[in-house]
Amino acid sequence: MKILSIESSCDETAAAVVQDGREVLSSVIASQVEEHKLYGGVVPEIASRRHAESICGVVNEALYEAQTTLEDIDAIAVTHAPGLIGALLVGVNFAKGLSLATKKPLVPVHHLRSHIAANYISHKELKPPFLCLVVSGGHSHIVMVESYTKMRIIGRTRDDAAGEAFDKAARTMGIPYPGGIMLDKIAEKGDADAFKLPHPKVDDAPYDFSFSGLKTAVINIIHNLEQKGEEVPKEDVCASFRKAVVDCLVKNFIQAAKDLGVTTLVTAGGVSANSLLRRELQHECELNAFKLYMPDLSLCGDNAAMVGSQGYYEYLSSNIAQLDLNAVATLPIDYRE
Ligand code: KG4
Ligand code: ZN
């Protein structure tokens, strides 16, 4: 089954053609990041406008690269939630138009579910059940993936998402948006023990995260140094901050796996590209004899191939939308089975 998939939840306009949920025939991404960099973060109105300008070309390119046409496509999958509402609406309405014109089924895909599905492309043998650490710019979850479409939230952030904390800390140091990637690179050269940072825990919720206090602590360190006229040792600050965030993520994730007796662990989302997170998890999983799967680096960030993969499994579970499908800014990952 060939699915044409569309993603426009944030600042990437993307389209792909995916066969049977696992084989990527094409994947095209038009990134707006250079423009949003000027403003230090995503400007929703600009994002929507750029999606509207790019989507036709991106979809055509995806069909062309897959050497296919709309007639050969079996279904159209689109990210409908969660994300920036104006940005989502561009993809959703484009997909609805295509579905109406071609009479092909329309499949709504939850953005975080699609991040998880990136692993089905990277690892052909991977099947649920498994425990997944979903860490993106807007979300930090530990999710029990019982089946391709049945998810149970085990832990979540009480405030900032891990990616958001990385981006805000980076911004305070003058590192351009999206700071998480650059912060990770700079941290490689620093001393992670240079600054003492809190490792916040949430009372009575051992798998939940809280990153806002940690973010404030690092921002205070930077401001204090600046006020004293001292140079900010960016490499050491980045390394200490990255270590604190990664420690919290890894600790709760591994503890949840132990407590639940799950031995297959998976990561998903933009932050799963973080090099320290990848190393630490590899180490912990070896120690505990857990099997670890992480998406290829090219599939960690937003793309439409992952939407085509999850779209296939949503289709198999009869998640077919009608033309009244709407975009939704917030929607829990376990909204349906
Ligand atoms: O999943 P994603 O592409 O978009 C959302 O759904 O939010 O995640 C983007 C987030 C950004 O906050 C970005 O800074 C972060 O992922 N990110 C990283 C790294 N690469 C991307 N954070 C830390 N280390 C990285 N290597
Ligand atoms: Zn994403």
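The values are calculated or read from the model by the stated rules, or taken from the named source; none is laboratory data. Computed from a predicted model, the values in this text were never measured in an experiment. Don't worry about glycine lacking a Cβ; one is built from the backbone with ideal geometry, like all the others, and counts go over all protein chains shown. Note: areas computed on protein heavy atoms with side chains; ligands, DNA, RNA excluded. Shrake-Rupley method; radii C 1.70, N 1.55, O 1.52, S 1.80 Å.
Each residue of segment 101-115 was assigned a 3J(HN,Hα) from its phi angle through the Karplus curve 6.51 cos²θ - 1.76 cosθ + 1.60 (θ = phi - 60°); the sequence is 5, 9, 6, 8, x, 9, 10, x, 10, 6, 4, 6, 4, 5, 4 Hz, with glycine and proline shown as x. On the chain, 50 percent of the accessible area sits on carbon and sulfur atoms, based on a 1.4 Å probe. For the chain, the per residue solvent-accessible surface stands at 42 Å², with DNA, RNA and ligands left out and a 1.4 Å probe. Remark: segment 172-188, residue by residue, has Karplus-estimated 3J(HN,Hα) of 4, 8, x, 7, x, 5, x, x, x, 5, 5, 4, 4, 5, 5, 4, 4 Hz, where x stands for each Gly or Pro and the curve is 6.51 cos²θ - 1.76 cosθ + 1.60 at θ = phi - 60°. Of all DSSP-defined beta bridges confined to the chain, some 60% are antiparallel rather than parallel.
The relative contact order of segment 1-44 comes to 31 percent, based on Cα pairs under 8 Å that sit 6 or more residues apart. For the chain, the alpha-carbon radius of gyration amounts to 0.99 times the rule-of-thumb value 2.2 N^0.38 Å expected for a compact globular protein.
Calculated mean residue ellipticity, 222 nm, the chain: -14000 deg cm²/dmol, from DSSP H runs (n ≥ 4) at -39500 (n - 2.57) each, averaged per residue and rounded to 500. Going down the list 150/258; 127/251; 37/124; 189/215; 215/251, which pairs span over 30 Å between their C-alpha atoms? The answer is 37/124. Normalised by the number of residues in the chain, the mean separation of alpha-carbon contacts (under 8 Å, six or more apart) gives a relative contact order of 25 percent.
The Cβ shell under 9 Å around residue 177 holds other residues with a net charge of +1, Lys and Arg each +1, Asp and Glu each -1. Here the Karplus curve 6.51 cos²θ - 1.76 cosθ + 1.60, taken at θ = phi - 60°, turns the phi angles of segment 79-91 into couplings of 5, 10, 5, x, x, 6, 4, x, 5, 4, 4, 5, x Hz, with x standing for Gly and Pro. Pairs of Cα atoms nearer than 8 Å and 6+ residues apart set the relative contact order; for segment 181-327 it is 24 percent. Taking a straight line from the alpha carbon of residue 291, these aspartates and glutamates sit under 17 Å away, with near neighbours fewer than eight places off in the same chain left out: 125, 146, 259, 280. Please name whichever of 63, 131, 98 sits farthest to the positive end of the charge dipole of the chain, dipole taken about the Cα centre and charges placed at Cβ: Lys and Arg +1, Asp and Glu -1. Positive-most Cα among the choices belongs to 131.
Annotation: amide H-H contacts under 5 Å for residue 109 (H modelled 1.01 Å from N, sequence separation of 5 or more, or interchain): 78, 79, 80, 81. For residue 155, the residues whose amide H sits under 5 Å from its own are 142, ignoring neighbours fewer than 5 places away on the same chain, with H placed 1.01 Å from N. From the alpha carbon centroid of segment 293-322 to that of segment 73-97 is 13 Å. Taken as Cα centroids, segment 211-259 and segment 159-209 sit 5 Å apart, rounded to the nearest whole angstrom. For the chain, a simple Cβ point-charge model (Lys and Arg +1, Asp and Glu -1, everything else neutral) yields a dipole of about 420 debye relative to the Cα centre.
Can you list, largest first and rounded to whole Å, the semi-axes you get for segment 171-259 by taking the square root of 5 times each eigenvalue of its Cα gyration tensor?
In descending order, the three semi-axes are 26, 14, 11 Å.
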